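Notes to accompany the following structure.
The values are calculated or read from the model by the stated rules, or taken from the named source; none is laboratory data. None of these values were measured; they are calculated from a predicted model. With ideal geometry, Cβ positions are generated from the backbone for all residues, glycine too; neighbour counts draw on all protein chains shown.
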Ligand SMILES: [Zn+2]
Ligand SMILES: [Zn+2]
């Protein structure tokens, strides 16, 4: 052991990982979301630079292990080596503890962290921010910060990968004759062409109105809308007369309202 200080192998202890859960809406999946969160975490003590020793005081060699960081214990014929319980393998002890961190070398602080959720994130994703966890000890590296992302269920759209699925009503007149209708997308309304003779249940594809691929904002999936032909529940008197004429023309066996004539 040259100089007699730290144990060979481990250079300090790594800081703990931290986890945080966020919930975003389906709309926010489109462009991603940047948010600032407050995280309480252990930081290297500025007073002692993480040494845990009071300013001006020095560390002394641990007398239990003589600075080797490990001790030998004999059991019968065997001699085992064990990490020194007194100094925790450091090989040295603090003479006077830092009053700020009480010798731990770290203090709890609330830090503001800017979290960037990329576009196209999937529900249940776990994002890692390397080195944003707790500070290490004795020169050890920092832990990581993990963000669990929940995407709220949307009432109108069902997401399957990058594609969205929805249902929309189209007037029966348009279903028969064709025309143009407004369809709800994730960001607003868009007008699409309906062919004449469109049956109820037909799937209408609207390109690029889905959500993007993870981290690729300009590559979006498609929106599939199941067209439901809207049948009027309470037609007006005029509308009813027209439909009855139409039924007579076609010879359809419709029920004629009693007392109409
Ligand atoms: Zn300190
Ligand atoms: Zn020791």
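Here are the numbers for this structure:
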| quantity | calculated |
| --- | --- |
| Enumerated strands (runs of 3 or more DSSP E) restricted to segment 119-165, each holding at least 2 residues that are touching a residue at least 12 places away in the same chain (Cβ under 8 Å), in contact with a strand residue (DSSP E or B) (Cβ under 8 Å, 6 or more places away or on another chain) and in the same structural domain as residue 107 (by TED's automatic domain parsing) | 125-129, 145-151 |
| Filtered residues of segment 94-107 (kept if in a strand (DSSP E or B) and over 40 Å from the mean Cα position of the chain (by Cα)) | 94, 97 |
| Filter result for the condition that a residue is closer than 30 Å to residue 121 by Cα, outside the structural domain of residue 40 (by TED's automatic domain parsing) and not in a strand (DSSP E or B), over 187, 173 | 187 |
| Unmet criterion (only one of (1) loosely packed, with under 15 Cβ neighbours inside 10 Å; (2) touching a residue at least 12 places away in the same chain (Cβ under 8 Å); (3) under 27 Å from residue 183 (Cα atoms)) for residue 234 | (2) |
| Qualifying residue in segment 184-196 (condition: more than 25 Å from residue 151 (Cα to Cα), without any contact (Cβ under 8 Å) to a residue 12 or more places away in the chain and either touching a helix residue (DSSP H, G or I) at 6+ places or on another chain (Cβ under 6 Å) or exposed (fewer than 13 other Cβ atoms within 10 Å of the Cβ) (or both)) | yes |
| Filter pass, residue 101 being near ligand 1 (Cβ under 8 Å from one of its atoms) and in contact with a strand residue (DSSP E or B) (Cβ under 6 Å, 6 or more places away or on another chain) | yes |
| Filter pass, residue 108 being touching a residue at least 12 places away in the same chain (Cβ under 8 Å), away from ligand 1 (no atom under 16 Å from the Cβ) and either farther than 19 Å from residue 15 by Cα or exposed (fewer than 14 other Cβ atoms within 10 Å of the Cβ) (or both) | no |
| Single condition residue 240 does not satisfy, out of (1) more than 30 Å from residue 32 (Cα to Cα); (2) part of a strand (DSSP E or B) | (2) |
| Complete set of residues in segment 58-93 that are under 16 Å from residue 138 (Cβ atoms), modelled with pLDDT under 85 and assigned to a strand (DSSP E or B) | 59 |
